[in-house]
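Participant: Below is one structure. I have some questions about it.
The values are calculated or read from the model by the stated rules, or taken from the named source; none is laboratory data. In this text, all values refer to a predicted model and were calculated from it rather than measured experimentally. Reconstructed Cβ throughout: ideal geometry from the backbone, glycine too, with neighbour counts over all protein chains shown.
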Amino acid sequence: MQTILGATGQIATELARELNRTFTEDIRLISRNPRKVSASDTLVAADLLDANQAAKAVKGSSIVYFTAGLPPDTQLWETQFPVMLQNALDATRAADASFVYFDNTYMYPQDDRLLTENTPFEPVGRKGRVRARMASMVLQEMERGDIPVVIGRAPEFYGPGKTQSITNTLVIDNLKAGKTPRVPVRDDTQRTLIWTPDASRALASLGNTSDAFGQTWHLPCDDERLTSKQFVTLASQILGKDVTYKILGKLTLQAVGLISKQVRELRELLPRYEHDNLFDSSKYKQRFPDFKVTTYRQGLTQILNEFGSS
């Protein structure tokens, strides 16, 4: 039994689909309101903030994937995320299962250095400190050695379906709506983005590869690393339209943050948009050389095809 905690987000949905397609039909989906991805999925409603519910939901699992998310609310992150993760780790240990942790890059320094699995944690802002604390919890579990543990870490998303990211919200969703795309801070810095189905496929492969455990892996991305200007230009080519965009400067974002909680919650991420974001995933690609990374052109074509033909 392979179990996904936090099973309603885009990463979890794609993960469940990949596990079913490639590894097993014996899949359990756990969230407050789980929904089947495949007909054979088993659903369990549970609140990960409750240790007893988490333990009962995980019992009988062989592999547990932690893909739980929360809205971009700093107070929620600080009060709930570590509790959810600790309950998940305790439940996995009690079930004598393997633990696969899906992580992001909020704990990394927000500058232009090359980010590898060995990059030290230098979080900027409260959310970054929460993610650093959580990653450290998982690393401590890994060092404890009671159960197999692996970390799969991804940079910012872009993708189909209900993918939630700054790029989807400001660029892709605006393109679909016929509105002007927005680019935060600068348009000339290189961005490393990961296609959400690639992140899920890679996470599934880590969970089902015994020698991957005991390590952190950067999940595979297109190494082309487009600037925001190049990203919008590529989307324009795919749409066959001349698309213009607007840069949202730091002062503008700070002003909007005075009246928009959503924008206010994103402001601590702004330093990363002032620098090239160089996320290195060569370790994963060397270990899994047959993994086909989705290029930006392929990903954007998939997202925009239906819109472009309408």
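Participant: Could you pull out the residue among Val58, Val64, Val44 that is under 18 Å from the mean Cα position of the chain (by Cα), closer than 23 Å to Ser200 by Cα and β-branched (Val, Ile, Thr)? Give the steps one after another, and end with the answer.
Facilitator: On the way: Val58 fails: under 18 Å from the mean Cα position of the chain (by Cα); Val44 fails: under 18 Å from the mean Cα position of the chain (by Cα).
Within the list Val58, Val64, Val44, the selection yields Val64.
Participant: Only one residue in Ile11, Ile4 is of a type in the set (A, V, I, L, M, F, W, C), within 30 Å of Arg267 (Cβ to Cβ) and surrounded by 21 or more Cβ atoms within 10 Å (Cβ to Cβ). Which one?
Facilitator: Numbers: Ile4 fails: within 30 Å of Arg267 (Cβ to Cβ).
Just a single option satisfies the conditions, and that option is Ile11.
Participant: For the range 283-301, give me each residue that is assigned to a loop (DSSP other than H, G, I, E, B) and in contact (Cβ under 8 Å) with a residue 12 or more places away in the chain.
Facilitator: Those that are assigned to a loop (DSSP other than H, G, I, E, B) and in contact (Cβ under 8 Å) with a residue 12 or more places away in the chain: Phe288, Phe291, Val293, Thr294, Thr295.
Participant: Continuing with this model, one more query. Among the numbered criteria (1) exposed (fewer than 14 other Cβ atoms within 10 Å of the Cβ); (2) modelled with pLDDT under 95, which single criterion is violated by Thr22?
Facilitator: With (1) exposed (fewer than 14 other Cβ atoms within 10 Å of the Cβ); (2) modelled with pLDDT under 95 applied to Thr22, the lone miss is (2).
Participant: Looking at Asn168, is it modelled with pLDDT under 95, in contact with a Pro (Cβ under 6 Å, 6 or more places away or on another chain), among the polar types (S, T, N, Q) and outside the structural domain of Asp26 (by TED's automatic domain parsing)?
Facilitator: Values: modelled with pLDDT under 95: yes; in contact with a Pro (Cβ under 6 Å, 6 or more places away or on another chain): no; among the polar types (S, T, N, Q): yes; outside the structural domain of Asp26 (by TED's automatic domain parsing): yes.
Criteria not met by Asn168.
Participant: Do any strands (runs of 3 or more DSSP E) lying entirely in the range 166-228 carry at least 1 residues that are touching a residue at least 40 places away in the same chain (Cβ under 8 Å) and of a type in the set (D, E, K, R), and which ones are they? I'd like the intermediate steps shown before the answer.
Facilitator: Details: elements: 182-184, 193-195, 216-218.
Those strands (runs of 3 or more DSSP E) span 182-184.
Participant: Mind listing whichever residues of the range 201-233 are polar (S, T, N, Q) and closer than 27 Å to Arg267 by Cα? Quick ask: steps written out before the conclusion?
Facilitator: Of the range 201-233, the ones polar (S, T, N, Q) are 205, 208-210, 215-216, 227-228, 230, 233.
Thr227, Ser228, Gln230, Thr233 - these are the residues of the range 201-233 that are polar (S, T, N, Q) and closer than 27 Å to Arg267 by Cα.
Participant: Output the strands (runs of 3 or more DSSP E) that fall wholly within the range 15-122 and possess 3 or more residues being without any contact (Cβ under 8 Å) to a residue 60 or more places away in the chain and of a type in the set (D, E, K, R), or say none. Don't jump to the end; show me each part of the working.
Facilitator: Numbers: elements: 27-31, 42-45, 63-66, 98-103.
The strands (runs of 3 or more DSSP E) meeting that bar number zero.
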